[in-house]
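In what follows, a structure is listed as structure tokens, so that the remarks can point back to it.
The values are calculated or read from the model by the stated rules, or taken from the named source; none is laboratory data. Just so we're clear, the structure is a prediction, and the values are computed from it rather than from any experiment. FYI the Cβ positions are ideal-geometry reconstructions off the backbone, even for glycines, and counts take in every protein chain you see. Ligands, DNA and RNA are excluded from the accessible area calculation, which covers all protein heavy atoms including side chains. Shrake-Rupley method; radii C 1.70, N 1.55, O 1.52, S 1.80 Å.
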Amino acid sequence: MVDQSSWDAHAAHPLQSWAWGEFRQAMGVETVRIAHKENEMWQLTFHKIPHTPFTVGYFPKGPMPTKTMLRKLAEVGKQKRAIFIQLEPNIQKKEAGRLQTLPLRPSHRPLFTAYNFVLDIRPSETELLQNMHHKTRYNIRLAQKHNVTIAEETSQEGFAAYLTLLNETIKRQGFYAHNELYHTRMWNTMSTAGIAKLFTARLNGYPLAAWIIFAFGDTIYYPYGASSREHREVMAPNLLLWEIVRWGKARGFSYFDLWGALGPTPDPKDPWYGFHRFKEGYRPTHVEYAGSFDFVLRPTWYSLYTMADNLRWMLLNTKK
């Protein structure tokens, strides 16, 4: 029987952590953990397709897929009546040559971006500041000049401020996002496990930005964030990211995963372009992942599912 500590010792990403599985189960999502060998542990979820007896499997940020892994996934997938299992391995594209020999097809709807920014925070603070884009460095100092304060939050008041800013951000940017129940259960589970941390940027006590950070292994991650439209001129998010870097360095972390980026030649008209440029200003490494893949177990139903899913998203987009 594998326990939480031994599981997390072999997990390479917070979405493969024991606590993340507990959170997904708390949300009513069936979670399966497979311990194939002492050092091969895989966590995936199965999601019911409404009005059918079938499910879809999802396996995020796992290791390099192998034939052995796919055999195990097929066994579990058939038990769960899965049409397919979507895999998004935590593998860079340059390391993924052998994936071409496996019975996987590119996912019809990837969930993670193909690209990411990862900042090496091991250099000294002076070196990190010198390496930044000069505008980013200026914005950090501007926030300091305006007396923006950054703090790690542990109270319910701090989390309530995060939810308020999150709702404001969703309305302002008009994107689909998880609801308050999702964020509350995620925070309660992941913070209790010591993985999730909450930081705010305030001006005269008023919250301007709030980010939830995952601290796992040798890396800190930025999965969730929110900000106010108020006092944007004080550049609070720039100082917030920098102070989280300093926090991570002080605790011995080596990398800061910024959780997504556009491609190498981003379109300035892309709605995420501003966020991409914000992250890019810290001069992180631009990473391309192997991709998102569907391991199809029921080909006929897979064709029907993808057609229905594409139609669903087309209708959702027309409502915006």
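Here's a check for you: in the range 42-51, which residue that is more than 20 Å from the chain's Cα centre (by Cα) and at pLDDT 95 or above is least open to solvent (accessible area, probe 1.4 Å)?
Ile49
Residues of the range 58-99 being assigned to a strand (DSSP E or B), out of contact with any Ser or Thr (no Cβ under 7 Å at 6 or more places or on another chain) and surrounded by 17 or more Cβ atoms within 10 Å (Cβ to Cβ), which ones?
Across the range 58-99, the qualifying residues are Phe59, Pro60, Ile83, Phe84, Ile85, Leu87.
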Could you please tell me which pairs satisfy a Cβ distance under 8 Å, a separation of 6+ or placement on different chains, a first residue in the range 185-204 that is farther than 26 Å from Val234 by Cβ, and a second residue that is of a type in the set (D, E, K, R) and buried (at least 16 other Cβ atoms within 10 Å of the Cβ)?
Thr189/Glu22; Ser191/Lys197; Ala193/Glu22
Looking for something open to solvent by 40 Å² or more (accessible area, probe 1.4 Å), modelled with pLDDT of 95 or more, aliphatic (A, V, I, L, M) and in contact with a helix residue (DSSP H, G or I) (Cβ under 6 Å, 6 or more places away or on another chain) - is there at least one such residue anywhere in the range 144-164?
yes
Condition check: open to solvent by 90 Å² or more (accessible area, probe 1.4 Å), at pLDDT below 95 and either closer than 21 Å to Thr200 by Cα or under 22 Å from the mean Cα position of the chain (by Cα) (or both). Does Pro271 satisfy that?
yes
Condition check: at pLDDT 95 or above, open to solvent by 20 Å² or more (accessible area, probe 1.4 Å) and of a type in the set (Asp, Glu). Does Glu38 satisfy that?
no
Residue list for the range 1-15, restricted to those being part of a loop (DSSP other than H, G, I, E, B) and surrounded by 13 or more Cβ atoms within 10 Å (Cβ to Cβ):
Val2, Ala11, Ala12, His13
Check off (1) open to solvent by less than 40 Å² (accessible area, probe 1.4 Å); (2) at pLDDT 95 or above for Thr169 and give me the number that stays unchecked.
(2)
Count of residues meeting criterion [within 15 Å of Arg246 (Cα to Cα) and free of Cβ contacts under 8 Å to residues at least 60 places away in the same chain] in the range 142-159:
2
Contact list please: Cβ distance under 7 Å, first residue in the range 235-260 and within 14 Å of Lys135 (Cα to Cα), second residue assigned to a strand (DSSP E or B) and modelled with pLDDT under 95, pairs at least six apart or on different chains.
Pro237/Ser227
